[in-house]
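Remarks on the structure that follows.
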Amino acid sequence: MRIEMLNKLARKKIFTIDEATKITGLDKNTLKVLLSRLEKRGWVERIEKGKYIIIPLGAEKGEYTLHEFIIGSLLVKPSTIAYWSALNYHGFTEQIPNTVFVQTTTRKKRQDLRIFGVRYKIIRIKPEKFFGIEKIWIEEFQVPITDREKTVIDCLDKPRYCGGIIEVAKAFREELDTEKLREYALRMDNSAIIRRLGYLCDYFEVSIDLPKPKTRNYILLDPTMPGEGHVDSKWRVMVNVELEGLE
């Protein structure tokens, strides 16, 4: 029965208890007992509660794993790889984050996970902010990831998930689609994003048409850093990080 069940599940490589129930026709209690035995034999590995991967023949237990982006995309639905992880993937930063950042619109009980030695951070956002996603191929899997411009906008929205403004500012040394940047920034409906984007575009001499802030209040260019620096009255931003040298 074990070999027959593995053959049925092997086509998916990754499966949930519910999927295994449908594929094998076994009830959940019987299935859980079998999966526990298979895990002890090193034939399957549990990713998290109710989610498993098939271990290929010849692979050592505890040594085989899937690419962290594949696992991250399976932790919650819908999901997309985002923030610092996407910044690095798109080549905007040379810094390799020690956490995989996963964006979703779904509530998940645990936002911080460690699987196969890799840390995962689940960030929940409003459904209207969940867009600008493309698919990339990794090890026979299609993995969702925010596109170049949405990655920049997301990081301007939540700089704490990208290592701060310095990391996202590096993206402006590359070729960006300014129409997309503008469209995404306006779609996010967040004045702070527009002001940070406006300031960075001015600094890097990127031409973009953005509405000027109507408020008299100032925001920090980088909310992860102390509130000290010079002010930019055009965008109503306190420039509290040093960008010199990034040009």
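Readers should treat all values here as calculations from the given coordinates under stated rules, not as data from a laboratory. From a predicted model like this one, the values you see are computed outputs, not experimental measurements. Neighbour counts run over all protein chains shown; Cβ positions are idealised from the backbone, glycine included.
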Checklist outcome for this item: The answer for the net charge of residues other than ILE125 whose Cβ lies under 12 angstrom from its Cβ, with Lys and Arg +1 and Asp and Glu -1, is +3
Next on the checklist: Only sites in a loop by DSSP and with at most 10 other Cβ atoms within 10 Å count here; which GluC sites (Glu not before Pro) in the stretch 22-105 make the cut?
Outcome noted: GLU60, GLU63, GLU94
Checklist outcome for this item: XL table LYS13/LYS170; LYS22/LYS77; LYS150/LYS214; LYS121/LYS234; Cα-Cα > 31 Å flagged, in table order, is LYS13/LYS170; LYS121/LYS234
Checklist entry - GluC sites (Glu not before Pro), restricted to the stretch 131-198: which are DSSP loop and have at most 12 other Cβ atoms within 10 Å? => result GLU139, GLU140, GLU174, GLU175
Checklist entry - How far is the Cα center of the stretch 33-47 from the Cα center of the stretch 81-160, in Å? => result 29
Item to check | Ellipsoid semi-axes in whole angstrom, largest first, where each is sqrt(5λ) of the Cα gyration tensor of the stretch 2-54 | outcome: 13, 12, 11
Next on the checklist: Between ARG124, ARG110, ARG195, where does the largest GNM mean-square fluctuation fall for the chain, given springs only between Cα atoms within less than 10 Å?
Outcome noted: ARG110
Checklist entry - With the chain treated as a Gaussian network of Cα nodes joined by springs under 10 Å, which of LYS51, LYS109, LYS126 yields the largest mean-square fluctuation? => result LYS109
Item to check | Choice from VAL118, VAL152, VAL76 showing the highest fluctuation, given a GNM over the chain with Cα pairs closer than 10 Å | outcome: VAL118
Checklist entry - How much mean residue ellipticity at 222 nm does the chain get from its helices, if each DSSP H run of length 4 or more adds -39500 (n - 2.57) and you divide by all residues, to the nearest 500 deg cm²/dmol? => result -9500 deg cm²/dmol
